[in-house]
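Reading through the structure tokens given below for one structure.
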């Protein structure tokens, strides 16, 4: 089975606080890819990052950082010094081969709505 | 560069009506997808295409049809609309499949009343 769990449905933090969005995944595939997408109030999903299963290095991009741990099947996303513009729904997603699907399948989590309070 | 363009942005249908959601991409991507997003449910794949003339079902294909006559266009047809099809629909594309990042359109909010 392939599954992505984002247990945090909604998070609210005050501007400039740090916030971590959790993502836990399940897959039987040994080669897979993990993604984070941002959906701002305008509605369009925007790609943030992709990691493959062989690369466990953490990544930092400005105020954003990602922590990938295969041992716990987690791919968490941290925003440092949050800003109002970070308010959005964030989706974690997993791409892996599914035999009964006959192809790579991209599975999305249910999303975490992040609200930054000014 | 327009990316992925979806029309219309909003639509209200009566039960039993039909409509086509349009999707065009100008990035010469081989793969195109249709997703629906329901509140609290994430995105579910309806149909996808790996190239012109080739389409296949996703997780939730019932009540929908697609065609892919050109690389650029991937319309989604709703036949006999039902209230269960009330959702936000997203078209997306990628060059070589779901291991690559997807480029999304701005979405179509559809209500079936």
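Run the simple label-point estimate for residue B:65 and residue B:82 please: 7 Å along Cα→C-beta, distance reported in nm.
For the pair residue B:65/residue B:82, the computed spacing is 1.7 nm.
Any idea how far apart residue A:29 and residue B:73 come out in nm if each label point goes 7 Å out from Cα toward Cβ?
3.2 nm
Got a sec? How would A:73, A:42, A:82, A:12 order by Cβ neighbour count within 10 Å, fewest to most? Present the calculation step by step, with values, prior to reporting the outcome.
On the way: A:73 17, A:42 9, A:82 22, A:12 12.
Ascending Cβ contact count within 10 Å gives the list A:42, A:12, A:73, A:82.
Cut-off is 10 Å between beta-carbons; in what order do B:79, B:100 appear when sorted fewest neighbours first?
Details: B:79 13, B:100 18.
Starting with the residue having the fewest Cβ neighbours, the order is B:79, B:100.
Quick one: compute a quarter of the convex hull surface over the Cα atoms of region B:1-79 and quote it in nm².
In nm², the orientation-averaged hull projection of region B:1-79 is 5.7.
I'd like the distance between the alpha-carbon centres of region A:60-101 and region B:31-82, rounded to an integer number of Å.
26 Å
Which parts of region B:53-67 would a label at residue B:30 reach, counting a residue when its backbone N lies under 18 Å from a point 7 Å out along Cα-to-Cβ?
Under cut-off, by backbone N: B:53-57.
In nm, to one decimal, how far is the residue B:56 label point from the residue A:16 one, both placed 7 Å along Cα→Cβ?
Once both label points are built, they end up 5.2 nm from each other.
Full-extension gain between residue A:71 and residue A:46, please, as 0.36 nm times their residue separation minus the C-alpha to C-alpha distance.
Details: separation 25, 0.36 × 25 = 9.00 nm, distance 2.79 nm.
Between residue A:71 and residue A:46, full extension yields an extra 6.2 nm.
Within region B:93-113, find all residues whose amide N lies under 20 Å from a label point positioned 7 Å from the Cα of residue B:19 along Cα-to-beta-carbon.
So the set is B:105-113.
How big, in percent, is the set of alpha carbon pairs in the protein assembly as shown lying more than 21 Å apart?
Beyond 21 Å sits 56 percent of the P(r) for the protein assembly as shown.
Would you list B:66, B:60, A:84, B:50 from fewest to most Cβ contacts within 10 Å? All intermediate terms of the calculation are to be shown ahead of the outcome.
On the way: B:66 23, B:60 18, A:84 10, B:50 15.
In order of increasing Cβ crowding within 10 Å: A:84, B:50, B:60, B:66.
Values in this text are rule-based calculations from the coordinates and carry no lab data. Everything numeric here is computed off the predicted structure, so don't read it as measured data. In this analysis, Cβ positions are derived from the backbone assuming ideal geometry, glycine residues included, and neighbour counts consider all displayed protein chains.
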